[in-house]
Amino acid sequence: MQKNFEEYFPPGTEEHDLLLKVDFRRLPGHVAVIMDGNGRWAQQRGLSRAEGHNAGSASVREVVEASARLGIEFLTLYAFSRENWKRPRLEVGQLWRLLREYLGKEDRLLVENDIRLRVIGRKEGIPRPVLRELERVEEMTRTNGRMTLVVALNYGGRSEIVDAVRRILEEGRLGPGDLDEKEFAARLYTEGIPDPDLLIRTSGELRVSNFLLWQIAYTEIYVTPVLWPDFRKRHLLEAVLEYQKRDRRFGDIHAGTPRKK
Ligand code: IPE
Ligand code: IPE
Ligand code: MG
């Protein structure tokens, strides 16, 4: 176990007890999260939806740091879908503002924890000031190697697939016989990122909501009723422990090694 674990997961706490059960040789290399339930969390407290999103940013901070400390190599967070533009303009504006503020404040957390930021999604449509912040933090963290934090923004799994086809057509290099899964995956936004091993969805919804459609072909899915603003490191540990109980077969008759891209 790494140093400063004790401080982050103090003995005597629930987190520490859960941590002792984790098999560090079988950590999910890539965890993807559909952060859901901010609105319901706020509603339950008579607060505005914006306050729910605000509270959700504390969960982001904690999960990012805990994942890096555990040794998870890739963490992907679904922060804004292409479909989320359907929400009231006020809420959409608040979400983008919150993200910009988060980047302005939390860039230090990424630097201190040696985390690289990468953004996936359609760049066109993302408000300019947010794009500038994203590019600044991506550039600032480019050489960080402990963990890659992938943030899905203006993201849709179907648009990603269409954009990959567009790239292939624009390149005009691949003929029908040259196209295979590897070539195709190399044109997705997630180029070079292994497929998620574990997909967590909070707030109990049993759907994928257009997230990483290609990449989750063999991902283990974990749904928790916990609403995103209540999600803490112990919930992450619970998800990892549940993942470690799964028998991943990849179509075979016994558990094998995860596929690497
Ligand atoms: C997730 O919480 C945040 C985003 C989709 C950006 P929601 O805002 O979807 O919360 P619920 O589902 O309405 O509770
Ligand atoms: C999925 O949550 C999108 C993000 C978490 C960014 P939604 O709340 O938008 O999904 P639906 O509408 O319940 O499917
Ligand atoms: Mg929702």
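Residues that are closer than 21 Å to residue 79 by Cβ, in contact (Cβ under 8 Å) with a residue 24 or more places away in the chain and in a strand (DSSP E or B) occur at least once in segment 219-227. Residue count for segment 168-202 under the criterion of being exposed (fewer than 14 other Cβ atoms within 10 Å of the Cβ), in a helix (DSSP H, G or I) and not small (Gly, Ala, Ser): the result is 8.
Pairing residues of segment 25-39 that are touching a residue at least 60 places away in the same chain (Cβ under 8 Å) with residues that are within 16 Å of ligand 3 (Cβ to nearest atom) and part of a loop (DSSP other than H, G, I, E, B), at Cβ distances under 6 Å and at least 6 apart in sequence or on separate chains, gives 34/211; 36/202; 36/203; 36/205; 37/202; 37/203; 37/227. Taking each residue of segment 5-19 that is at pLDDT 95 or above and looking for partners that are acidic (Asp, Glu) with beta-carbon atoms closer than 8 Å, six or more apart or interchain, yields 18/238. Condition first: under 24 Å from residue 190 (Cβ atoms) and either in contact with a Pro (Cβ under 8 Å, 6 or more places away or on another chain) or away from ligand 2 (no atom under 16 Å from the Cβ) (or both). Can you find one or more residues in segment 78-97 that meet it? Yes: segment 78-97 contains one or more residues that are under 24 Å from residue 190 (Cβ atoms) and either in contact with a Pro (Cβ under 8 Å, 6 or more places away or on another chain) or away from ligand 2 (no atom under 16 Å from the Cβ) (or both).
Scanning segment 107-154 for residues being outside any loop (DSSP other than H, G, I, E, B), without any contact (Cβ under 8 Å) to a residue 60 or more places away in the chain and surrounded by 18 or more Cβ atoms within 10 Å (Cβ to Cβ) gives a total of 9. The number of residues in segment 26-43 being more than 14 Å from ligand 3 (Cβ to nearest atom) and either closer than 18 Å to residue 98 by Cβ or assigned to a helix (DSSP H, G or I) (or both) comes to 1. Within segment 165-189, if we keep just the residues that are away from ligand 2 (no atom under 16 Å from the Cβ) and touching a residue at least 40 places away in the same chain (Cβ under 8 Å), the residue that is farthest from residue 215 (Cα to Cα) turns out to be 182. Using beta carbons and a limit of 6 Å, which pairs, at least six apart or on different chains, have the first residue in segment 230-255 and more than 22 Å from residue 52 (Cβ to Cβ) and the second one part of a helix (DSSP H, G or I)? Pairs found: 237/18; 241/21; 244/26. Only one of the numbered conditions (1) in contact with a strand residue (DSSP E or B) (Cβ under 9 Å, 6 or more places away or on another chain); (2) within 16 Å of ligand 2 (Cβ to nearest atom) is violated by residue 240, and that is (2).
Conditions (1) of a type in the set (S, T, N, Q); (2) under 15 Å from residue 146 (Cα atoms); (3) out of contact with any helix residue (DSSP H, G or I) (no Cβ under 8 Å at 6 or more places or on another chain), marked per residue:
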| site | (1), (2), (3) |
| --- | --- |
| 60 | no, no, no |
| 68 | no, yes, yes |
| 81 | yes, no, yes |
| 101 | no, no, yes |
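Taken residue by residue, segment 53-67 has at least one member that is within 14 Å of ligand 3 (Cβ to nearest atom), crowded, with 21+ Cβ neighbours inside 10 Å, farther than 26 Å from residue 19 by Cα and not hydrophobic (A, V, I, L, M, F, W, C).
The values are calculated or read from the model by the stated rules, or taken from the named source; none is laboratory data. None of these values were measured; they are calculated from a predicted model. Heads up, the Cβs are rebuilt from the backbone with ideal geometry, glycines too, and the neighbour counts pull from every protein chain shown.
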